[in-house]
Amino acid sequence: MKKEDKENDKQKEKDGFRDKILDSALTLFAAKGYSNTSIEDIKRTSNISTSRIYNQFRNKKTIAEALYTDLARRMNDSLREIDRTNATARDRMRAVVDLMFDLTEQAPDVMRFLLLSRHQDFCLDEELQGTLPPFNKIKDIIDAGIKTGEIRRIDSTLIDSCFQGAMTRTIELRLDGILKKPLDLYFNDVWSMVWNAVEAK
């Protein structure tokens with residue numbers, strides 16, 4: 001086997017361990033919370049030795065940061081695609097709600113971790129905090145909608161709070177089992193309430 005092939009195989013194995021550790025951490029952080037999860041828990045769930053975990057990550061905090069960064073990057077890629085493929089603020093905001101509701105049904109652990117975790121427990125770096133999806137991108141959409149006259153000319157932070165508060169609270173109620181039906185069945189009601197609150201009349 002060529003040296004290059006051996007190095008590629010080693011990298012694939014390393015990436016496989018990393019992905020397995022992160023997948024296990026996601027499951028545990030979503031179920032128990034970051035503070036109540038230990039490296040030992042991650043070891044048991046991933047079936048990867050403690051030494052291998054520490055070969056990949058310095059500590060639990062760096063696992064959470066890596067997981068957060070990976071998921072945030074994927075989410076932001078989806079939000080950029082929404083921005084690219086929708087012409088108006090209304091259509092973009094509607095597509096964001098649709099995306100977030102769909103992810104809640106398809107990947108509830110991801111949404112628990114991204115939206116409901118106490119990120120300040122592990123995300124101390126200011127730049128990392130600034131990547132929190134979907135909050136920054138939604139603010140950009142709102143600012144653009146105010147400029148084009150689609151959205152009311154009031155403080156965009158208040159509009160952002162109204163929009164994201166309704167969306168995130170609905171997601172939280174679903175994740176907590178209070179809303180029993182899939183979120184697509186609530187979509188029209190949530191969307192009409194949010195848009196009616198922020199639309200320029």
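What to note about this one:
- Within the stretch 44-60, the residues that satisfy the criterion of being open to solvent by 20 Å² or more (accessible area, probe 1.4 Å) and either touching a strand residue (DSSP E or B) at 6+ places or on another chain (Cβ under 8 Å) or within 19 Å of D109 (Cβ to Cβ) (or both) are R44, T45, N47, K60.
- Flag if L79 is modelled with pLDDT of 85 or more, open to solvent by 20 Å² or more (accessible area, probe 1.4 Å) and outside any loop (DSSP other than H, G, I, E, B): no
- A count restricted to the stretch 173-199 and to residues that are exposed (fewer than 11 other Cβ atoms within 10 Å of the Cβ) and either touching a Phe, Trp or Tyr at 6+ places or on another chain (Cβ under 7 Å) or among the β-branched types (V, I, T) (or both) stands at 1.
- In the stretch 19-30, residue farthest from R52 (Cα to Cα) [restricted to those that are within 16 Å of the chain's Cα centre (by Cα) and open to solvent by 40 Å² or more (accessible area, probe 1.4 Å)]: T27
- Yes/no for T104 being part of a loop (DSSP other than H, G, I, E, B), modelled with pLDDT of 90 or more and either open to solvent by less than 40 Å² (accessible area, probe 1.4 Å) or aliphatic (A, V, I, L, M) (or both): no
- Those residues of the stretch 180-201 which are part of a loop (DSSP other than H, G, I, E, B) and farther than 28 Å from R152 by Cβ, in sequence order: K180, K181, P182
- When each of L124, L132, L158, L115 is tested for being at pLDDT 90 or above and open to solvent by 20 Å² or more (accessible area, probe 1.4 Å), the lone residue that passes is L158.
- Looking only at the stretch 14-69, and only at residues there that are assigned to a helix (DSSP H, G or I) and among the aromatic types (F, W, Y), the one that is nearest to L116 (Cα to Cα): F29
The values are calculated or read from the model by the stated rules, or taken from the named source; none is laboratory data. Please read all numbers here as calculations on a predicted model, not as lab measurements. Glycine gets a Cβ as well: all are built from the backbone with ideal geometry, and neighbour counts include every protein chain shown. Calculation scope for accessible area: heavy atoms of the full protein, side chains included, ligands and nucleic acids excluded. Shrake-Rupley method; radii C 1.70, N 1.55, O 1.52, S 1.80 Å.
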